[in-house]
Amino acid sequence: MTANQIRQQFLEFFKGKQHEIVPSAPMVVKNDPTLMFTNAGMNQFKDIFLGNSPVKYPRIANTQKCLRVSGKHNDLEEVGVDTYHHTMFEMLGNWSFGDYFKKEAIAWSWELLTEVYKIDKSRLYVTVFEGSPEEGLEKDHEAFNEWKKYLSEDRILNGSKKDNFWEMGDTGPCGPCTEIHYDGRSDEERAKISGADLVNKDNPQVIEIWNNVFMEFNRKADGSLEKLPAQHVDTGMGFERLVRVLQGKQSNYDTDVFSPLIEKIESLSGLRYKSNDTHKQQEIINIGMRVIADHIRAISFSIADGQLPSNTGAGYVIRRILRRAVRYGYQSLGIKEPFLHRMVHVLANQMGHAFPELNAQKQLIEKVIKEEEQSFYRTLENGLKRIDQVCIDLNAKKQKTIPGDVVFELYDTFGFPLDLTQLIAKGYELQIDEQGFRKNLELQKNRSRKAGNIETDDWIIISDDDVEEFVGYDFTKATINLVKYRKVKIKNKEQYQLVFNLTPFYPEGGGQVGDTGYIEAEGERIYITDTKKENNLIIHFSDAIPTNPQATFNAVVNHHKRIYTARNHTATHLLHESLRAVLGTHVEQKGSLVDENYLRFDFSHFSKVSEEELKAIENMVNEKIRANILLEEYRNLPIEKGKEMGAMALFGEKYGDTVRVIKFGTSIEFCGGTHVKNTAEIGRFKIISESAVAAGIRRIEAITSDKADSYYQEKEFLIKEINDLLKNPKDIKKAINDIITENSQLKKQIEILSREKVKNIKQEVIKEIKPLNGINFLARKLDLDAQQIKDLAFQLKNEMPNLFLVFVSEQAGKANIGVLISEEIVKDKNLHAGNIVKELAKEINGGGGGQAFYASAGGTNPQGLEQVLLKAENIFKTIFTKN
Ligand code: SER
C-alpha cells in the first residue's frame, strides 16, 4: 500500500463513522501569541475545546501538517539522528467535540489498526494514565477497562504524567491519554525481551504510533486544572510511522514518504544511503541524508504557507532549519553548492496531490530556497576564512585553545555547529573552549527569552456571555458590556486585555491594523490602544481597567483612522486585481499591511516591475476608483459558493466553512477587513515605491485619498520652487540641462587652470628644493588645495630623485598636509609617509594616512601649520643626520 493510499484509508474509515473530513490548517500559526507553528492536530480546535467557539461538526477527521521545532514540543535535535522523529510531519486525527468519548475512540482505533490496516495484534501495546497524586488525578480506569475488551492485561501498561497526560503548552486544554505502541522487532528478538519492557524506552523499533487524548481539563496560568465544559477526544497518529509499520520497514526514511527524496539526495551528492550500514563514516552520510530529506519538507511547506525565511520569529526558525540542512549537506555529504532547491519538484510530485499548495507555489519555493542557500554559502565561506585566520593567529601566538566567545561567534554569525569548528580546529592542532561557548549560548538564550517575554494572568470573568459578536462592519459605536479581562506583561509593560459581549472594534487581521478608540461609562474613559484576535477571541488592549467592570459602556472607534484604513484596504484589492491584469495571474498575494497612512502589498513576481508597468497598474486602479464601483459584501457565504464566484483565496490562510466575500466589480476576494462603500471614496491612488522583499517577492507601497493629493501638491510645490530659482524659464527641463552642461564645462576649465597653477608653482618650488645630506628636501606652505598638492608632489617625483617634501596649505579654514618621499629613500630608510603625516597632523587637530611614498592629512587647526613645517624639518634632520 502506498503512503497516499494509507492516508486515504484513514479518512474514509472515519468518514464511515460520521466524521466530517476537513482540510489541514496552515502550518504557520497566525492569531495565537502562544504558538508559532501548528505542533498538533488539535491546535485549530483549541477554542472549541475551551468552549470559546461553537461546535459545527461534533465529529471531525483530517491530516494535519505539524512542525515541532520550538516551544513545548521540540524534536529538532532527534531528527535524522534517529529514524522516527521529524520536524514537519503529518498527524492523522479524529475528533469528538462533546460527542463520543473513551469507549468509541478506543474501539475505533483498534478496529482501524487491526481490521482495516491488519496490523499484527501481537505487536501492539497500549499505555494508560497511571494517575498523579500531586494533581489529584486518579488512574484512567475507564480507558483501562475499555482496552481489556481487546488486549490481555499484560499489554496494557501504566504510563506516567510525562507520557500519558497530554498538554498543548504551558496553558490550555489537556487531559489523560492512551498511546498505542508497535513492536517492529524480529520474532527472535521479541522472544528474548518482551515488547512491554521496551515501550517508551527510546527503542527505535518499539515506537508510539497513535495517541488518543481525552480532553477534560484546561491548564490555567497559575498551574491549576479546571474542568472543561464538555469532554472531548483528540487523537493523533504519526502518519510517517504508520506508513513505516504498514510497509514493513525499519525506518520512516525507508518508506515511500521519504525514498524519492533520499534518491534525489543520492544523485545530488553522488553518495549512497545505506540504512542498515551503521559504520561511522556511513552513519554520518545516513544522518546527513535523513536530516536533509526531513528538513526540505519543513522548509517547503512553511514557504507554501506564506512564511519566508527571515531574521525574526517564525521566519528565523525556518532560516535555521534551512541552514541546518545546508550544513549537513556541506559537512556530511560534501555538497559545496546550493542543492536544496533542486529537491522541491521531487517533493511536489510526491505530496502535491494531498497538499496542492506545493504544486501551486513550486516556483516560488524553489526561488526562495535558492536565494537563501546562496547567501548562506557566502556566509559559510566567510566563516571558513574567519576560522582559518583565528587558528593561524592562535598558532602564531602559540596558544592552544579557541576562546568560547569566538566559537560562539562562528556558531551564531556563520552558522558553524560546534563539531564543525572542532574539526577545523583539530587541523590546526587547537582545542575549543566548549564551556565558554555554552556560557555564551545560555546568555543569548536568556536575552531572547527576555525579549519575547509575555506573562499572562488568568482571565477574570465578569459575566458569562460567551459569544463575542463583532458589529464593526455596520457600526463604529455600540453599547457594550465587559465579559472578562486579564492582566498581561509584554516586555515588562503591564497592559490589560478586555473581551466584550459585542464589539465594534476591528481586530488586526488580513493585513489591516486593529482599531483604536475608547470605552466610556460613569464619567470614566478608558482608551483602547489596539485590538487583536487570539484564536477566535477579539482582544482589546488598554492601559487600565474600568473602575466598575460591571458598567455598560459606550464604545467608540477612532472614526478617522477607520475611514482612512478602509480606503487603503479597498485600494489594496484594486491593486491586487490590477497587478494580475498587468503582470499576469502568477501574481499571488504574499503579505499586506494596511493602516490609515498607507498600504503595503507583497506579491510573487520574478522581476522588477518596470516604470511602464507601474504606470499601467496605477492607472488601472485610478480608473476603478473613478468608476464609482459599489461594494457588494457577502457575509456568511458557504465557502464553495465563494469559490464559485471566483473569489481569490490566500495560501496559508485558514478559512471557515462560511466566508465573507468582498466584491468591487471584477475584484472578488475572501476578506474580513473593512472597506469603503464605493470606490470613489478612495479619491486617488499613488504608488510611491516598488522594491524586492525576498527572492521572487516584490513589494509595492502606495497612498490614497488626501495623502495622495498632498504627495502631488508637494511635487508641484517643488517644481514651483525650482522654477523660481531658475527665474521662471520657458522650458524648465532645458534650463536645468543648460546648467548641467555649463557646470561641466566650467569644471573642465577649472581643471585646466588648476593644472596651470600647479605648473607655475612647480617652477618656483623647484628652485627652493635644497639638497641636504644628499636628499632633496623642502617643507613649505603653498596656496593649493589637497588635490593640487598631490598633483604637484607627483609631478616633482617624476622629475627629481631623492625627494623628501612636506607641503602644507590652508583652504577655507581647513589645514592640509602632503608628504612625499621618493621610493628609493622609502626602501633605504624603511620609511612610511603615512606614519610621518600622522605625526605632523597632530599639530592641526587632524588625521590622515596613505601609502609609503605619499600620504596626506587634513585638520581643523590651520594655526598649527607653522609648527608642522618646523616639526617636518626636525623629523627630516633626525632621519638623515643619524648616520
Ligand atoms: N494532541 C495529541 C498529540 O499531539 C493527539 O492528537 O499527540
Given (1) more than 31 Å from the chain's Cα centre (by Cα); (2) at pLDDT below 80, residue 420 misses just (1)
Matching residues in the range 557-598 (part of a helix (DSSP H, G or I) and closer than 30 Å to residue 527 by Cβ) number 14
inquiry  = Regarding the range 13-34, can at least one residue be identified that is of a type in the set (Lys, Arg), touching a helix residue (DSSP H, G or I) at 6+ places or on another chain (Cβ under 7 Å) and at pLDDT 95 or above?
reply    = yes
Over the range 175-189, the set of residues away from the ligand (no atom under 16 Å from the Cβ) and among the polar types (S, T, N, Q) is 186
Of the residues in the range 321-341, those that are surrounded by fewer than 18 Cβ atoms within 10 Å (Cβ to Cβ) and part of a helix (DSSP H, G or I) come to 331
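Residue-by-condition table, conditions (1) surrounded by fewer than 10 Cβ atoms within 10 Å (Cβ to Cβ); (2) of a type in the set (D, E, K, R):
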site	(1), (2)
717	no, no
720	no, yes
726	no, no
733	yes, yes
737	no, no
750	no, no
753	no, no
776	no, no
780	no, yes
Taking the range 377-399 and keeping residues more than 21 Å from residue 337 (Cβ to Cβ) and touching a helix residue (DSSP H, G or I) at 6+ places or on another chain (Cβ under 8 Å) leaves 390, 391
Pairs returned, first residue in the range 623-635 that is surrounded by 15 or more Cβ atoms within 10 Å (Cβ to Cβ), second residue that is modelled with pLDDT of 95 or more and of a type in the set (Asp, Glu), beta-carbon separation under 9 angstrom, 6 or more apart or interchain, are 624/577; 625/681
For the range 204-215, pairs from a residue that is without any contact (Cβ under 8 Å) to a residue 60 or more places away in the chain and among the polar types (S, T, N, Q) to a residue that is in a strand (DSSP E or B) and within 13 Å of the ligand (Cβ to nearest atom), with Cβ under 7 Å and 6 or more apart or across chains, are 211/166; 211/177; 211/179; 211/235; 211/236
When the range 837-872 is checked residue by residue, the ones that are in a helix (DSSP H, G or I) and loosely packed, with under 14 Cβ neighbours inside 10 Å are 863, 866, 870
Residues of the range 116-132 being of a type in the set (S, T, N, Q), touching a residue at least 12 places away in the same chain (Cβ under 8 Å) and away from the ligand (no atom under 14 Å from the Cβ), in sequence order, are 132
Looking across the range 155-174 at residues that are in contact (Cβ under 8 Å) with a residue 40 or more places away in the chain and either under 25 Å from residue 206 (Cβ atoms) or surrounded by fewer than 18 Cβ atoms within 10 Å (Cβ to Cβ) (or both), the single one that is nearest to the ligand (Cβ to nearest atom) is 166
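Any chance you could count how many residues in the range 19-78 are basic (Lys, Arg), under 28 Å from the mean Cα position of the chain (by Cα) and within 16 Å of the ligand (Cβ to nearest atom)?
Here the count works out to 4.
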Would you say residue 113 is more than 23 Å from residue 44 (Cα to Cα) and within 16 Å of the ligand (Cβ to nearest atom)? yes
Considering the range 757-772, residues that are surrounded by 15 or more Cβ atoms within 10 Å (Cβ to Cβ) and closer than 20 Å to residue 825 by Cα, and then whichever is nearest to the chain's Cα centre (by Cα), we arrive at 769
In the range 1-41, anything assigned to a loop (DSSP other than H, G, I, E, B), touching a Ser or Thr at 6+ places or on another chain (Cβ under 8 Å) and small (Gly, Ala, Ser) is listed as 24, 25
Residue pairs qualifying under the 9 Å Cβ cut-off, at least six apart or on distinct chains, with the first in the range 404-432 being over 12 Å from residue 380 (Cβ atoms) and in contact (Cβ under 8 Å) with a residue 24 or more places away in the chain and the second being in a loop (DSSP other than H, G, I, E, B) and among the acidic types (Asp, Glu), are 404/433; 405/433; 407/433
request  = Answer yes or no as to whether residue 277 is in contact with a His (Cβ under 8 Å, 6 or more places away or on another chain) and acidic (Asp, Glu).
outcome  = no
Residue set 799, 810; condition of a type in the set (D, E, K, R), closer than 24 Å to residue 763 by Cβ and modelled with pLDDT of 95 or more; output residue 810
Of the listed residues (873, 839), the one being touching a strand residue (DSSP E or B) at 6+ places or on another chain (Cβ under 7 Å), in contact (Cβ under 8 Å) with a residue 24 or more places away in the chain, over 28 Å from residue 753 (Cβ atoms) and of a type in the set (D, E, K, R) is 873
When the range 84-100 is checked residue by residue, the ones that are in a loop (DSSP other than H, G, I, E, B) and either within 15 Å of the ligand (Cβ to nearest atom) or surrounded by 22 or more Cβ atoms within 10 Å (Cβ to Cβ) (or both) are 84, 85, 86, 87
Check your understanding: Somewhere in the range 48-67, is a residue in a strand (DSSP E or B) and without any contact (Cβ under 8 Å) to a residue 40 or more places away in the chain?
Key -> yes
For the range 133-154 the number of residues that are within 16 Å of the ligand (Cβ to nearest atom) and among the small types (Gly, Ala, Ser) is 1
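Any residue that is assigned to a loop (DSSP other than H, G, I, E, B) and charged (D, E, K, R) - is there at least one of those in the range 152-169?
Just the residues of the range 152-169 that are assigned to a loop (DSSP other than H, G, I, E, B), to begin with: 152, 160, 168-169.
Narrowing further to those that are charged (D, E, K, R): none.
Looking through the range 152-169, none of the residues is assigned to a loop (DSSP other than H, G, I, E, B) and charged (D, E, K, R).
The values are calculated or read from the model by the stated rules, or taken from the named source; none is laboratory data. What you see is a predicted model; the values in this text were computed from it and never measured. Here the Cβ is made from the backbone with ideal geometry for all residues, glycine too, and neighbour counts use every protein chain on show.
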